[in-house]
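Worksheet: one structure, shown below.
The values are calculated or read from the model by the stated rules, or taken from the named source; none is laboratory data. Remember, it's a predicted structure, so these values are computed and weren't measured experimentally. Every residue, glycine among them, receives a Cβ derived from its backbone with ideal geometry; neighbour counts consider all protein chains shown. Keep in mind that these areas ignore ligands, DNA and RNA; they rest on the heavy atoms of the full protein, side chains included. Shrake-Rupley method; radii C 1.70, N 1.55, O 1.52, S 1.80 Å.
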Amino acid sequence: QVQLAESGGGLVQAGGVLRLSCAASTRTFGIYSMGWFRQAPGKEREFVAALSRSGGVTDYSDSVKGRFTISRDNGKNTGYLQMNSLKPEDTARYFCAVRGGNIMRLSDLYDYWGQGTQVTVSS
């Protein structure tokens, strides 16, 4: 069982910056691919970004490509999502998740999830 805890969310103005963290309870964090997803009120959870075990392969949704950067520090058992040039449409609850296989965009394929952290971008 892996427990994940997101942090770093908050209220920011459009154009601002936030850095989300995802701390894992396991020392074997490095064997998992990780992903970030988000869910706005009344909407389905959507894929944001994913990163392979070693950090060598990334995938981003078109809506965040060029603005967000996913990264990880396996030595610290922590993943990150750097969010630049934030837009009001980025407002959502952000979740990190891990899975034992390759990176995927489908949330159903992830094994463990955190509780999420709220990001609100004002215009």
- Task: Name the residue, out of Gly75, Gly101, that is surrounded by fewer than 14 Cβ atoms within 10 Å (Cβ to Cβ), farther than 21 Å from Gly15 by Cα and touching a residue at least 12 places away in the same chain (Cβ under 8 Å).
- Result: Gly101
- Counted residues in the range 81-105 being over 15 Å from the mean Cα position of the chain (by Cα) and over 21 Å from Arg67 (Cβ atoms) come to 3
- Message: Restricting to the range 25-56, name every residue that is over 9 Å from the mean Cα position of the chain (by Cα) and closer than 16 Å to Ile103 by Cβ.
- Response: Phe29, Gly30, Ile31, Tyr32, Ser33, Glu46, Leu51, Ser52, Arg53, Ser54, Gly55, Gly56
- Task: Evaluate the following for Leu86: is it in a loop (DSSP other than H, G, I, E, B), open to solvent by less than 70 Å² (accessible area, probe 1.4 Å) and at negative phi?
- Result: yes
- Task: Return only the number of the condition from (1) under 19 Å from Ala14 (Cβ atoms); (2) surrounded by 15 or more Cβ atoms within 10 Å (Cβ to Cβ); (3) out of contact with any strand residue (DSSP E or B) (no Cβ under 8 Å at 6 or more places or on another chain); (4) not aromatic (Phe, Trp, Tyr) that Lys65 does not satisfy.
- Result: (2)
- Note on the structure: Checked the range 106-117 for anything over 12 Å from the mean Cα position of the chain (by Cα), surrounded by fewer than 18 Cβ atoms within 10 Å (Cβ to Cβ) and in contact (Cβ under 8 Å) with a residue 60 or more places away in the chain; matches are Asp111
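Can you tell me which residues in the range 31-48 are under 19 Å from Leu109 (Cβ atoms) and either surrounded by fewer than 21 Cβ atoms within 10 Å (Cβ to Cβ) or in contact with a Ser or Thr (Cβ under 7 Å, 6 or more places away or on another chain) (or both)?
Step one: list which residues in the range 31-48 are under 19 Å from Leu109 (Cβ atoms), which gives 31-39, 44-48.
Across the range 31-48, the qualifying residues are Ile31, Ser33, Phe37, Gln39, Glu44, Arg45, Glu46, Phe47, Val48.
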- Taking the range 38-52 and keeping only residues that are farther than 15 Å from Lys76 by Cβ and in contact with a Gly (Cβ under 9 Å, 6 or more places away or on another chain), one is left with Arg38, Gln39, Phe47, Val48, Ala49, Ala50
- Query: Restricting to strands (runs of 3 or more DSSP E) lying wholly in the range 1-79: which have 1 or more residues that are farther than 20 Å from Tyr112 by Cβ?
  - Reply: 10-13, 18-24, 58-60, 68-73
